[in-house]
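Engineer: Structure provided below as structure tokens; questions to follow.
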Amino acid sequence: MNLFLRFLKLSVVVTTLTVMQAGWAMATSVIPDFVELAKKLKPSVVNISTAKTIAPQKRMQRPPNSFGQDPFEDFFNRFFDNIPQHSYKQRSLGSGFIISNEGYILTNNHVVADADEIKVKLGDGREFKAEIKGTDEKLDLAVLKIDVKGDLPVAKLGDSDTTQVGEWVMAIGNPFGLNQTVTAGIVSATGRVIGSGPYDDFIQTDASINPGNSGGPLFNAEGKVIGINAAIVAGGQGIGFAIPINMAKAVLPQLEEKGKVTRGWLGVAIQPVTSELAKSFGVEGERGALVSDVTKDSPADKAGLKSGDIILEFDGKQILEMNYLPRLVAATPVGKKVKLKLLRNGKPKTVTVIIEQLKEGEGSAQPGAEQDRIGMTVRELNPELAAQIGIKETKGVVVMAVKPGGLAEEAGIVNGDVIKEINGARINTVADFTKAVSAQKKGGVMRLLLRRGDGSLFVAVNVE
């Protein structure tokens, strides 16, 4: 009898624990009340419409035809007669969200870049002219200001560092001009690097994101903003990317007060530590950032860093993945003394570096270099990056961004082009690229050999 009672008690305990565990699992996977969230959060999201003046295109002059009547002349004339020969307004739509009662609105920089006019429409239908208070091209952020009286529906900013893969999220925006559209999904991944800039650290979501959603908020189940919707994969379905809100919060005070962001500069070009490289350097694990080049007279140069050093720790923070270093350097105050722990020839070493201010055209600590004189951003290729952007080449230097209206765009260079040579010199690293571009004299022509898809082609850039 006693044995039976003990077995019965044990069964009750096990059953109770099982029920408790099942209840906990259900509690952690409960779908949020999206109806109530939408009612509460939609008023804080705004529609942003912009207009910018586009200059007329110059009509090409056809060479004289020595064989009499040109059969394509009529086609040529009709084609160019359809191109506007006067300035016109180009209009576009985007999203944003209110971050303060003073009328400050957060959105993407690409939503308002080069705009002559900016209008903001609130959820209640009121429209206001907006002015740009600050922009940050590298993070693709912009802060707008509207002159409005009375309380505003302010969106609460959350903590994106606590965001976990699998949690529910909701996006609100104006895709294709359809105001106040709500979509929901989960966080598909965090820390995504998609090649849009030196500080990539995107939240990936399967909540539907489309053109017009740019600049809108990505809310968590608590109704707090954890990201700013910024990018989609062309041709992809169910894949969107948002800038973590903590990255925006770190620069918001500067954008509101100064209109721009001051970042730290280290002065090194870096690349990932692959298993092959780790073996060649005699180290264990694919961690850290491998220094491929050190800029002369930079903070890194003054501190004695050398090509081949592997940076393992920056200011007390471990560098487990290469792309983490540029973000840390950029967020470091100018003038701060920082300790770097690194490996040199397989032996640990600690150096102290004084962070300086990042200037245009310099890289803080990144596998890329932006060349303002020709208008494009490049990065060193590796198998992971090649897979992300969908190209076969895995070594060399790839074009990640082309500035609209810049020299590179005029020459026909596009994202994904792999630069093989410049003026006959082989380009294997960002350092090779920077050296070749810097050596080009003003007014000259720079010849690039590009790998595009399965073929190669030459382009010529007229360097102004």
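The values are calculated or read from the model by the stated rules, or taken from the named source; none is laboratory data. None of the values given here were measured: they were computed from a predicted structure. We place every Cβ from the backbone using ideal geometry, glycine too, and count neighbours over all the protein chains shown.
Engineer: Can you tell me which residue is farthest from Pro198 (Cα to Cα) among those in the stretch 132-182 that are in a helix (DSSP H, G or I) and of a type outside the set (S, T, N, Q)?
Structural biologist: Ranking the candidates gives Gly177 first.
Engineer: Oh, and also: Of the numbered conditions (1) under 16 Å from the mean Cα position of the chain (by Cα); (2) not in a loop (DSSP other than H, G, I, E, B), Gly197 fails exactly one; give the number of that condition.
Structural biologist: Only one criterion is unmet by Gly197, namely (2).
Engineer: Applying the selection to the stretch 395-422, what residues are surrounded by 15 or more Cβ atoms within 10 Å (Cβ to Cβ) and farther than 30 Å from Lys52 by Cα?
Structural biologist: Those that are surrounded by 15 or more Cβ atoms within 10 Å (Cβ to Cβ) and farther than 30 Å from Lys52 by Cα: Gly396, Val397, Val398, Val418, Ile419, Lys420, Glu421, Ile422.
Engineer: Considering only the stretch 300-309, state which residues are surrounded by fewer than 23 Cβ atoms within 10 Å (Cβ to Cβ) and not acidic (Asp, Glu).
Structural biologist: Passing the criteria: Lys302, Ala303, Gly304, Lys306, Ser307, Gly308.
Engineer: State whether the residues of the stretch 283-292 include one that is at pLDDT below 85, more than 20 Å from Leu358 (Cα to Cα) and outside the structural domain of Thr332 (by TED's automatic domain parsing).
Structural biologist: Looking through the stretch 283-292, none of the residues is at pLDDT below 85, more than 20 Å from Leu358 (Cα to Cα) and outside the structural domain of Thr332 (by TED's automatic domain parsing).
Engineer: For the structure I just gave you, tell me whether Gln318 is of a type in the set (S, T, N, Q), surrounded by 22 or more Cβ atoms within 10 Å (Cβ to Cβ) and either at pLDDT 85 or above or under 17 Å from the mean Cα position of the chain (by Cα) (or both).
Structural biologist: Judged against the criteria, Gln318 is not a match.
Engineer: Filter the stretch 194-208 down to the residues that are closer than 23 Å to Val402 by Cβ and either in contact with a Gly (Cβ under 6 Å, 6 or more places away or on another chain) or not polar (S, T, N, Q) (or both) and list them by number.
Structural biologist: Within the stretch 194-208, Ile194, Gly195, Gly197, Pro198, Tyr199, Asp200, Asp201, Phe202 qualify.
Engineer: Got a number for residues in the stretch 91-122 being within 16 Å of Pro253 (Cα to Cα) and assigned to a strand (DSSP E or B)?
Structural biologist: Of the residues in that region, 5 qualify.
Engineer: Just the residues that are farther than 17 Å from Arg379 by Cα and either under 27 Å from the mean Cα position of the chain (by Cα) or assigned to a loop (DSSP other than H, G, I, E, B) (or both), please, taken from the stretch 412-458.
Structural biologist: Gly412, Asn423, Gly424, Gln440, Lys441, Lys442, Gly443, Gly444, Gly453, Asp454
Engineer: What number goes with the only condition from (1) at pLDDT below 95; (2) under 30 Å from Val30 (Cα atoms); (3) surrounded by fewer than 16 Cβ atoms within 10 Å (Cβ to Cβ) that Asp159 does not pass?
Structural biologist: Asp159 satisfies all of (1) at pLDDT below 95; (2) under 30 Å from Val30 (Cα atoms); (3) surrounded by fewer than 16 Cβ atoms within 10 Å (Cβ to Cβ) except (1).
Engineer: Moving on. Restricted to the stretch 206-221, and to residues that are at pLDDT 95 or above and either surrounded by fewer than 20 Cβ atoms within 10 Å (Cβ to Cβ) or polar (S, T, N, Q) (or both), which residue is farthest from the chain's Cα centre (by Cα)?
Structural biologist: Ala221
Engineer: Any chance you could count how many residues in the stretch 254-271 are surrounded by fewer than 16 Cβ atoms within 10 Å (Cβ to Cβ) and at positive phi?
Structural biologist: 1
Engineer: I would also like to ask the following. Tell me which residues, restricted to the stretch 244-264, are assigned to a helix (DSSP H, G or I) and not basic (Lys, Arg). Steps first, answer last, please.
Structural biologist: First pass over the stretch 244-264, keeping only residues assigned to a helix (DSSP H, G or I): 245-257.
Listed by number, the residues that qualify are Ile245, Asn246, Met247, Ala248, Ala250, Val251, Leu252, Pro253, Gln254, Leu255, Glu256, Glu257.
Engineer: Quick check on my filter: what residues within the stretch 272-292 are out of contact with any Gly (no Cβ under 7 Å at 6 or more places or on another chain) and buried (at least 21 other Cβ atoms within 10 Å of the Cβ)? Break it down stepwise before answering.
Structural biologist: As a first pass, look at the stretch 272-292 and keep what is out of contact with any Gly (no Cβ under 7 Å at 6 or more places or on another chain): 272, 274-277, 279-280, 284-290, 292.
The answer is Gly288, Ala289, Leu290.
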